[in-house]
Amino acid sequence: MYEIINYTLFTIGGDTPVLLIDLVTSMAGLACVILAGRNSKYNFWVGYLYTTLLFLMFWNKHLYASILLQPISLGINILGHYRWTHPKKDEISSRDRNALKVTMLTWPQRILAVVLVFVLAGIWGWLLSFLGNRWFSGIFPADPIPYLDACVTVLILVAQYLSALKKWDCWIAWLLVNLTQMWLHISVGHVFMPVVSGLYLLNGVVSLYNWTKLYKNKA
């Protein structure tokens, strides 16, 4: 398994390896977000594969907050898959009686989400700063960027949960995720993922526009 995860396709500049796991994960991630932005329930099936690949990729880079995120992401993915296909009577899309319509958070809910991101990211980053340095030293390598790792992790959880509930606001959260992820991947030497995060950013803008139309049409 280790050999597969670290299989190098080629190198850039003679010392920057391009790994197979990075390429496959990038392709799965792009497919997932493009389908979600197009309001397709099939994004969840791709999401199951994407979660597994991300777990392996982050394990390879010792990004522990991102590793711990993946089982939680899987649970949110399952929740979203169910909610999108089993709407309540007052949640039915105007275009499909078996689909959940797009809704928005209230302003108090938005403020609460922002506060939670800052608080949880701060606490999680502080805990990660001890892992590999003071706790389990010699067993786990230290997380190279604990606070950024934690911030990205919490933002993703918020974005995924809002996506699972089909909230328009999820795309605002995803845009923030894409920006912080670009920084994270560049910091640890990922080659494909910063480019993919940039493509995610473009897709997020298009998806925000598409979901705005869905919200106005109660679809």
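The values are calculated or read from the model by the stated rules, or taken from the named source; none is laboratory data. Model, not experiment: these values are computed from the prediction. Cβ sites come from the backbone with ideal geometry, for glycine too, and all protein chains shown count toward neighbours.
Within region 159-176, the residues that satisfy the criterion of being closer than 13 Å to Leu208 by Cβ and in a helix (DSSP H, G or I) are Ala159, Leu162, Ser163, Cys170, Trp171, Ile172, Ala173, Trp174, Leu175, Leu176. Filtering region 100-135 to residues that are assigned to a loop (DSSP other than H, G, I, E, B) and modelled with pLDDT under 95 leaves Ser129, Phe130, Gly132, Asn133, Arg134.
Checking each residue of region 55-66 against the condition of being at pLDDT 95 or above and either assigned to a helix (DSSP H, G or I) or of a type outside the set (A, V, I, L, M) (or both) gives no match.
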